[in-house]
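Read the figures in this text as sums done on the coordinates, not as results from a lab. Only a predicted model underlies this, so the values are computations on that prediction, with no experimental measurement involved. A quick note on method: Cβ atoms are made from the backbone with ideal geometry, for glycine too, and the neighbour counts reach across all protein chains shown.
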Amino acid sequence: MGAVGAKSKSQSKSQSKSASGTVAFVVVPSPVGDVLVAVTEDGVVASHFRNSVEVRARIAARLGLPVVEDPARTDAVRTQLAAYFAGTLHEFSVLIDWRLMSAAQRLVLGKLYETVPFGQVITYGELATRAGSTIPARGIGSIMGSNPIPIIVPCHRVVAGNGLGGFSGGDGVESKQALLALEGYLPAALW
């Protein structure tokens, strides 16, 4: 379903499970390196901190979709990510294609996406509670580590109760620190 009126961010984003269609890629330069983004007709389906032929092939194979060049499809996410990295965009409005997520991932990552805004963080345990999940904090950490759409679905905003916790994207915790500094949660001087 497409974006509609007063529905929540999660409800207003695409939830298609169809295997038909195509996937287009775009690369956005950022302070944490080039960010590769995959976009189906239904929305952003994956992002990655590395742009390579292998990563693109892995995403396309996981989707079971052919790759196309489609700048019109990828322009919105390219523009929004560039604005985010420039510090002028605090909330993404691109459609999300959740198809690469399990039901548990969708529950937890959807709640994260809906309720933890730019510049704020939540602990793994708090996110489990907020999502109404019986998944323990360690399981929430695993879900964050397997998030197929980092940055836009902001797993970098989930922290440990006693510090930053881990991060599997980009250069690990350094990338998490850079994103949280960009959002003003951490002073840039700390990393």
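Listed values for the stretch 153-168 are Karplus-derived 3J(HN,Hα) couplings in whole Hz (6.51 cos²θ - 1.76 cosθ + 1.60, θ = phi - 60°), namely 9, x, 4, 5, 8, 9, 10, 6, x, 10, x, 6, x, x, 6, 9, and x replaces Gly and Pro. The DSSP beta bridges internal to the chain are antiparallel in roughly 70% of cases. The phi-based Karplus calculation (6.51 cos²θ - 1.76 cosθ + 1.60; θ = phi - 60°) puts the 3J(HN,Hα) values of the stretch 47-60 at 9, 8, 7, 9, 10, 8, 4, 5, 5, 4, 5, 4, 5, 4 Hz, whole numbers, x for Gly and Pro.
Label zone (Asp70, point 7 Å along Cα-to-C-beta; backbone nitrogen cut-off 14 Å) within the stretch 23-50: 23-26, 38-46. The amide H of Ile96, built 1.01 Å from its N in the peptide plane, has Ser14, Val44 as neighbours under 5 Å, considering only residues 5 or more places off or on other chains.
From the square roots a ≥ b ≥ c of the eigenvalues of the alpha-carbon gyration tensor of the stretch 9-86, which class results: rounded (a/c under 1.5), prolate (a/b over b/c), or oblate? Oblate is the answer for the stretch 9-86, as a/c is 1.5 or above yet b/c matches or exceeds a/b. This model, with +1 at the C-beta of Lys and Arg and -1 at the C-beta of Asp and Glu, gives the chain a dipole about its Cα centre of some 520 debye. Explain nothing, just the number: relative contact order of the stretch 44-191, from Cα pairs under 8 Å at least 6 residues apart, as a whole percent. Relative contact order for the stretch 44-191 comes out at 25 percent. Between Thr22 and Ser102, the FRET efficiency estimated from the beta carbon spacing at R0 = 22 angstrom works out to 0.40.
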